[in-house]
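K.L.:
Attaching a single structure in structure tokens format; questions to follow.
The values are calculated or read from the model by the stated rules, or taken from the named source; none is laboratory data. The structure displayed is predicted, hence computed values, not measured ones. Cβ: placed from backbone, ideal geometry, glycine included. Neighbour counts: every protein chain shown. We work out accessible area using only protein heavy atoms, side chains counted, and drop any ligands, DNA or RNA first. Shrake-Rupley method; radii C 1.70, N 1.55, O 1.52, S 1.80 Å.
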Amino acid sequence: MVKGTFGYLDPDYFQTGRLTRKSDVYAFGVVLFEVLCGKRAVDKSIDEEQWGLARWAQDSIKEGRLKRIVDPSIRGRISAKCLKEFAQLADRCLHSQPKQRPTMAEVVVGLQSILTLQDRIDKSSHPRSITIFGRKMPMFLSPSNGENYGMEAKLESYTNLIFSLSALQLTISRRLIKFGKMKMSPCTR
């Protein structure tokens, strides 16, 4: 008997009785939507008829409401293009046909691509100053290559990535503790 957490379990499992690598991709797609929306996989505040984040997020995106479902804590910090690509990647992970879902390697490449794009956007629109202890300080750039500016932007990107990954790890750890022993598919052991 397989045990899983409602909201993360691949709907294909109910038809086939098998968990696969693509089942893990489905579960990770739900986690991506948790990060994007700032909501749990099962959330009673979403809608009285459907408490599942995955379906709600997919329906909202299809109806053109992506900007409204984004967690307010990240809204405005991420470009519209990156948000759209992130949501599309999460949506692909939840595809109803498992064979149409990306592999985890493709998901990682997709996330790296989105991060790289956001870095480029941040660099092009980033002011030539930095706020330290509430004060704007000028960035002193080398006229030849702008090396200081690039290092500061990279540091900020890595800090944001580390913060996001830490929050994701904390969320996953809390869920594992909350739901006790959870059997994973043989592919993830």
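K.L.:
Can we say residue 96 is under 13 Å from residue 22 (Cα atoms) and of a type in the set (Gly, Ala, Ser)?
P.N.:
yes
K.L.:
For residues in region 81-93 being open to solvent by 70 Å² or more (accessible area, probe 1.4 Å) and free of Cβ contacts under 8 Å to residues at least 60 places away in the same chain, which is farthest from residue 22 (Cα to Cα)? Break it down into steps so the answer makes sense when it comes.
P.N.:
Narrowing region 81-93 to residues open to solvent by 70 Å² or more (accessible area, probe 1.4 Å): 81, 84, 88, 92.
Narrowing the set further to residues that are free of Cβ contacts under 8 Å to residues at least 60 places away in the same chain leaves 81, 84, 88.
Details: 81: 26, 84: 22, 88: 17 Å.
Taking the candidates together, the pick is 81.
K.L.:
Inside region 36-80, can you point out the residues that are in contact with a helix residue (DSSP H, G or I) (Cβ under 7 Å, 6 or more places away or on another chain), surrounded by fewer than 17 Cβ atoms within 10 Å (Cβ to Cβ) and either closer than 17 Å to residue 92 by Cβ or touching a residue at least 40 places away in the same chain (Cβ under 8 Å) (or both)?
P.N.:
79
Yes/no per residue for (1) hydrophobic (A, V, I, L, M, F, W, C); (2) out of contact with any Cys (no Cβ under 8 Å at 6 or more places or on another chain):
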{"site": "53", "(1), (2)": "yes, no"}
{"site": "66", "(1), (2)": "yes, yes"}
{"site": "70", "(1), (2)": "yes, no"}
{"site": "79", "(1), (2)": "no, yes"}
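K.L.:
Of everything in region 1-34, what is touching a Leu at 6+ places or on another chain (Cβ under 7 Å) and surrounded by fewer than 17 Cβ atoms within 10 Å (Cβ to Cβ)? Give them in sequence order.
P.N.:
2
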